[in-house]
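Here's the structure, in structure tokens; my notes come after.
The values are calculated or read from the model by the stated rules, or taken from the named source; none is laboratory data. Bear in mind that the values here come from a model prediction, so they are computed numbers and not experimental data. As a convention, Cβ positions derive from the backbone with ideal geometry for all residues, glycine included, and neighbour counts pool all protein chains shown. Quick note on the areas: whole protein, heavy atoms, side chains included, nothing else; ligands and nucleic acids left out. Shrake-Rupley method; radii C 1.70, N 1.55, O 1.52, S 1.80 Å.
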Amino acid sequence: MPSQKNIDSLAQLTDSIASAKAVIITNYAGLSVKDQTELRSKIAATGAVFSVAKNTLLRKVFTNSFKSLPEALDTVLNGPTAIIIAQKDAVASTKALAAFTKDHELPGIKLGLMVDKILSADEVIALSKLP
């Protein structure tokens, strides 16, 4: 039986992702706490949120959103996973992430989602280069 904490987390993630302009799934392994704090700050300045999420909860959210879990999502939902949920401006959030990764080489971009389209890591990087 799921705990109340997981039920609440699932509901919150579902609502946040459903209303998001973009979601970027990253691998944050190797980022120090100081770097995570710095990244959170830069992402928050763009109107987005950077948070660590359980792969199991993300699988449930995306399964409910897409009616079945796309293979691309199933493949990347393993290991340490953090998500960036852009509520206001998808491009500004990806630019902030790309600028941070230039200096730190982390976090690694696994995948992105815009509306109902799945974006590869290369497409997320291309999005960050838009004017």
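Screening Asp122 against (1) without any contact (Cβ under 8 Å) to a residue 24 or more places away in the chain; (2) of a type in the set (Asp, Glu); (3) surrounded by 15 or more Cβ atoms within 10 Å (Cβ to Cβ) leaves a single unmet condition, (3). Where residues in segment 51-71 are part of a helix (DSSP H, G or I) and under 14 Å from the mean Cα position of the chain (by Cα), which of them is nearest to Asp15 (Cα to Cα)? Top of the filtered list is Val61.
Within segment 35-50, if we keep just the residues that are among the small types (Gly, Ala, Ser) and over 11 Å from the mean Cα position of the chain (by Cα), the residue that is most open to solvent (accessible area, probe 1.4 Å) turns out to be Ala45. Can you name the number of the only condition in (1) under 22 Å from Ala126 (Cα atoms); (2) in a helix (DSSP H, G or I); (3) open to solvent by less than 60 Å² (accessible area, probe 1.4 Å) that Asp103 fails? Only one criterion in (1) under 22 Å from Ala126 (Cα atoms); (2) in a helix (DSSP H, G or I); (3) open to solvent by less than 60 Å² (accessible area, probe 1.4 Å) is unmet by Asp103, namely (3).
Residue-by-condition table, conditions (1) exposed (fewer than 13 other Cβ atoms within 10 Å of the Cβ); (2) among the small types (Gly, Ala, Ser):
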residue	(1), (2)
Val33	yes, no
Val52	yes, no
Phe62	no, no
Glu71	yes, no
Gln87	no, no
Thr94	no, no
Ile109	no, no
Met114	no, no
Ser128	no, yes
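Search segment 1-40 for residues being among the small types (Gly, Ala, Ser) and in contact with a strand residue (DSSP E or B) (Cβ under 6 Å, 6 or more places away or on another chain), and hand back the single one that is farthest from Ile125 (Cα to Cα). Among those residues, the one meeting the criterion is Ser16.
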